[in-house]
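Following: one structure in structure tokens, then a few remarks.
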Amino acid sequence: MPALGKDLIGLETLTADQIRLILDTAEPFKEVSERAIKKVPALRGKTIVNLFFEASTRTRISFEFAEKRLSADTVNVASAGSSVSKGETLVDTARNLEAMRIDMVVIRHGSSGAAQFLGERIASNVINAGDGKHEHPTQGLLDLLTLRDRFGSIAGLKVAICGDILHSRVARSNIWGLTKLGAEVAVCGPPSLLPRHVEELGVTVLPRIEDAIAWADALNILRLQLERMQAGFIPSLREYNRVFGVTRDRLARAPKDLVILHPGPMNRGVEIDSDVADGPFSVILPQVTNGVAVRMAVLYLLAGGTTAVSAAARGEAT
Amino acid sequence: MNPILIRGGRVIDPSRGADGLADVYLADGRVGAVGRGIVPGEGAIIVDASNKVVAPGLIDLHVHLREPGQEDVETVATGAMAAAAGGFTAVCAMPNTDPVTDNQAAVGFIVSQAQKAAKARVYPIGAISLGQQGEQLAEFGELVGAGAVAVSDDGKPVVSSQLMRTALEYARTFGIPVADHCEDPTLAAGGAMHEGLVSTRLGLKGVPAAAEEIMVARDIILAELTGGHVHLCHMSTRGSVELIRRAKEKGLRVTAEATPHHFSLTHARCEDYDTNAKMNPPLREPEDVEAIRRALKDGTIDVVASDHAPHHYDAKEREFDLAPNGILGLETALGVAIRDLVVPGVLTLAELVDRMSTAPARVFHLPGGTLAVGAPADVVVFDPAEKWVVRPEAFYSKSRNTPYGGETLTGRTEVTIVRGRVVFDRTRG
Amino acid sequence: MPSRSLLLDERAIARTLQRMASQVVEQNRGTEGLLLVGIQRRGVELAERIARLIETAEGVDIPRGKLDITLYRDDLQAVGARPVVGETRLPGSLDDRTVVIVDDVLYTGRTVRAALDEFADFGRPRRILLCVLVDRGGRELPIHPDIAGLTITTRPGDRVDVSVSELDGRDAVELARGD
């Protein structure tokens, strides 16, 4: 079976088989999170540092649960108040971690390429928890897992990613993951928030949210950040909601029951209305549950290096 | 000083349309004679140029020597040595130093540092505006009087069209070009590389070609309005080339330069977030590279200029969008130019020598660029066919930030002579 | 060339499982609180068969579960290979139950140790019995089977292969002698 290599930087460089391996590995980890004692000893004795240069509660907590449920020892480093905010470079931070013999680093950083930068300089496994606008691979994976749970398979599925594609690492990871597994992908948003040449990534551009709703099996609705309005990409959040918001009225005109995903945190009333987010077709909470399982799978696979069918599964007694 | 006889080389002198085997005799700091079978005088140094090219020394109109202010990454002396090793007998130093070279004392300082170094000539370029702040005109007269050969706010664009207009008009008094770094700051702000498919995939904010073209168009219009001479720095897009071509057809006083990296590398080089591929203006698309090459051929772009920009290893060893812009150029320019322009047949060797020597001298009204009798004895002898591997650790520059490390280039400087003295000889290291 | 011999054919396996099923009921003094848990893989199929045999003989439903011990292997860090993890499903609580671990071959005892660790994370059974189709000796840990269908001695290079029709298309227990 294909190994994942030392680091998980993004989905662009993974093969479809590798992505499927991660999703398949996540299945038994879902069960672990349902147990009374949510812990298995698989990563016992491993030290993992969560290096978060950007504030993030949900992703960090999700990783922390994943690490602790695998019995690893975890340390959180947040940027405020750390040596990082005192101007220590990323290179020096990396070398210090390596000198402490850390096994794995989960990094979230504001610069695209930061995870790869770190991975090239330390021997520890590096997992990208979001680098600038580049990729957020575990989010992409958990979105894939959630869609697979819902639809059975990804191939042939029509997924529309809606919102600020230009600035979104979640969008990029989703585009790579979905296209590699054979889905049809469209992006939908105001032209000022679509990156140039995006069609060359294998996606269709749908100009209006109504088109996306009419076409897709599932919508992945991205969070619109306030800074975009302040930087002048769109005139106002209110206008965004009126023109591009996924509202119950718009969904009511959909030809089928659309599954709704959102990476969170949601701006209720901007990109998504509350009755949609809390409605029957929303899989937003399953996404969160799957997030822990997917992260456990990623940590488990990277800690090993290669995969083999277990001796027990091969029928050999031990 | 001893006379020098450069014997048996292929002498290429675009200023006289000459290209053939000849000897060149230098005496008293000037070109004494060019012809076959010259008999040297007493005590002459013989330079054997068989199988080499002998040309007027290369002239680089656009380098950053970092002194004063960042002497840890380059000084006038180390830059002048790097230039000599690259075959350049003269370079023009941009004023975005710290403090900015916007007054006669600062210009004089650079002149005197260059004299002490006694390697390639260094002609200072003065700032257009005080502190390069883009508000108040610097004293062009004083700058020129102290030795400046042009003015520029390079590093930054001249944002105010009113200021650019005034600069072009005022510069006419002194017959100097105004060199502009063409970049619309609002379009380019925050951009780390060319805006295109690669920037989309890497998740980096891009700088659209339009950011350069808008300012090129503006500068051309102002050149027409004022009758001044605008020199457009480091052109990188096919749109810019088109605008310049039409301006020249109209006979406007517009000249332009392009760097070796802009006719040899594309934005694909930024993959893997290599900060040695990060500069401003950024590497562009293959169609842009093609357009730059053709523009150098037909003269739409007048000269090759390196935009040599040293940076400290630590400064470049970081996240891509936080790394500073710029790469070295002096010691690789000739090798890249021969490999990527002459070998594929885009330019003849004579045309290249023109773009790197005769034309720069003409554009900035500098001595040199010619081997006519009586001209200054600024000569380069180079091997046009030698293939060599770039080893940054062996550079004469204090810095190492080049994307060409480990690459094989074609064409290498053997001997560089300035004012009739050998300032670089590769056999002696 | 390694030789291969058939230790139990389909009929012999059926007879053995029949005997093992009655031994389970005997050792538990009835069917009260029984939970048969098969270890992935083939232990799961064997547990299913034994449970059905007990149900036929005693006329009561016997709950069963499946356990994958991969994440509890004591060699997980050393091996480096990341084995694919199979399904674990245990019905209800383990507390106050007699859990019968069912596996195809007992060798070093490490799989059973891992299973015991994993059970501890699920609850506290009243009693745990170990029931294996083949005990091939070669223990590295102090683990003993309460019920063994076939007991043989083997050498370290030998392999004992159990095939079950549900997965392999046939029922057989074979010994391949290594040299």
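Scanning segment B:166-174 turns up no residue that is modelled with pLDDT of 95 or more, of a type in the set (Ser, Thr, Tyr) and touching a Lys or Arg at 6+ places or on another chain (Cβ under 7 Å).
Listed conditions (1) surrounded by 18 or more Cβ atoms within 10 Å (Cβ to Cβ); (2) at pLDDT below 85; (3) among the β-branched types (Val, Ile, Thr) are all met by A:Thr306, apart from (1). The residues on offer are A:Val283, A:Val276, and the sole one that is within 30 Å of C:Val84 (Cα to Cα) and either in the same structural domain as A:Ala129 (by TED's automatic domain parsing) or among the hydrophobic types (A, V, I, L, M, F, W, C) (or both) is A:Val283.
The strands (runs of 3 or more DSSP E) found wholly in segment A:175-263 and carrying at least 1 residues that are free of Cβ contacts under 8 Å to residues at least 24 places away in the same chain and under 23 Å from A:Arg148 (Cα atoms) occupy A:204-206.
Any residue that is of a type in the set (Phe, Trp, Tyr), under 21 Å from B:Asp19 (Cβ atoms) and either in contact with a strand residue (DSSP E or B) (Cβ under 8 Å, 6 or more places away or on another chain) or at pLDDT 95 or above (or both) - is there at least one of those in segment B:341-364? No. In summary, strands (runs of 3 or more DSSP E) completely within segment B:1-112 and bearing 3 or more residues that are crowded, with 18+ Cβ neighbours inside 10 Å occur at B:4-13, B:18-27, B:30-35, B:53-56, B:58-63, B:88-93.
Residue-by-condition table, conditions (1) part of a helix (DSSP H, G or I); (2) within 14 Å of another protein chain (Cβ to nearest Cβ); (3) of a type in the set (Val, Ile, Thr):
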position: B:Ala211; (1), (2), (3): yes, yes, no
position: B:Val216; (1), (2), (3): yes, no, yes
position: B:Ile220; (1), (2), (3): yes, no, yes
position: B:Leu225; (1), (2), (3): yes, no, no
position: B:Arg246; (1), (2), (3): yes, no, no
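Among the listed residues B:Glu287, B:Glu331, which satisfies the condition of being assigned to a helix (DSSP H, G or I) and touching a residue at least 40 places away in the same chain (Cβ under 8 Å)? None of the other options fit; the residue is B:Glu287.
Counting residues in segment B:56-68 that are over 24 Å from the mean Cα position of the chain (by Cα) and without any contact (Cβ under 8 Å) to a residue 60 or more places away in the chain gives zero. Considering segment B:177-199, and only residues there that are in contact with a helix residue (DSSP H, G or I) (Cβ under 6 Å, 6 or more places away or on another chain) and β-branched (Val, Ile, Thr), the residue that is nearest to the other protein chains (Cβ to nearest Cβ) turns out to be B:Val198. One residue is enough: does segment B:135-147 have a residue meeting the conditions within 14 Å of chain A (Cβ to nearest Cβ) and either surrounded by 21 or more Cβ atoms within 10 Å (Cβ to Cβ) or out of contact with any Ser or Thr (no Cβ under 9 Å at 6 or more places or on another chain) (or both)? No, every residue in segment B:135-147 fails to be within 14 Å of chain A (Cβ to nearest Cβ) and either surrounded by 21 or more Cβ atoms within 10 Å (Cβ to Cβ) or out of contact with any Ser or Thr (no Cβ under 9 Å at 6 or more places or on another chain) (or both).
Taking segment B:265-283 as the range and being in a loop (DSSP other than H, G, I, E, B) and closer than 18 Å to B:Val336 by Cα as the test, the residues that pass are B:Leu265, B:Thr266, B:Lys278, B:Met279, B:Pro282, B:Leu283. Mind checking whether some residue in segment B:318-333 is basic (Lys, Arg), at pLDDT below 95 and surrounded by fewer than 20 Cβ atoms within 10 Å (Cβ to Cβ)? Yes - at least one qualifying residue is present in segment B:318-333.
Screening A:Ile161, A:Ile165, A:Ile127 for residues that are over 24 Å from A:Met296 (Cα atoms) and assigned to a strand (DSSP E or B) leaves exactly one candidate, A:Ile161.
Kindly establish whether C:Leu36 is buried (at least 21 other Cβ atoms within 10 Å of the Cβ) and over 20 Å from C:Ala148 (Cβ atoms). Judged against the criteria, C:Leu36 is not a match.
Matching residues to (1) without any contact (Cβ under 8 Å) to a residue 40 or more places away in the chain; (2) assigned by TED's automatic domain parsing to the domain that holds A:His262:
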position: A:Ser56; (1), (2): no, no
position: A:Ala66; (1), (2): no, no
position: A:Arg69; (1), (2): no, no
position: A:Arg95; (1), (2): yes, no
position: A:Ile107; (1), (2): no, no
position: A:Ser111; (1), (2): yes, no
position: A:Leu141; (1), (2): no, yes
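In a residue-by-residue description of segment C:5-16, the property of being crowded, with 22+ Cβ neighbours inside 10 Å, aliphatic (A, V, I, L, M) and in contact with a Leu (Cβ under 6 Å, 6 or more places away or on another chain) applies to no position. Comparison of B:Ser236, B:Ser199, B:Ser240 shows that the only residue that is at pLDDT 95 or above, small (Gly, Ala, Ser), more than 23 Å from the chain's Cα centre (by Cα) and not in a strand (DSSP E or B) is B:Ser199. Of the strands (runs of 3 or more DSSP E) lying entirely inside segment C:35-128, those carrying at least 2 residues that are at the interface with chain A (Cβ under 7 Å from one of its Cβ atoms) are C:81-83, C:98-106.
The values are calculated or read from the model by the stated rules, or taken from the named source; none is laboratory data. What you see is a predicted model; the values in this text were computed from it and never measured. When we count neighbours, we look across all protein chains shown, and the Cβ atoms used for this are built from the backbone with ideal geometry, even at glycine.
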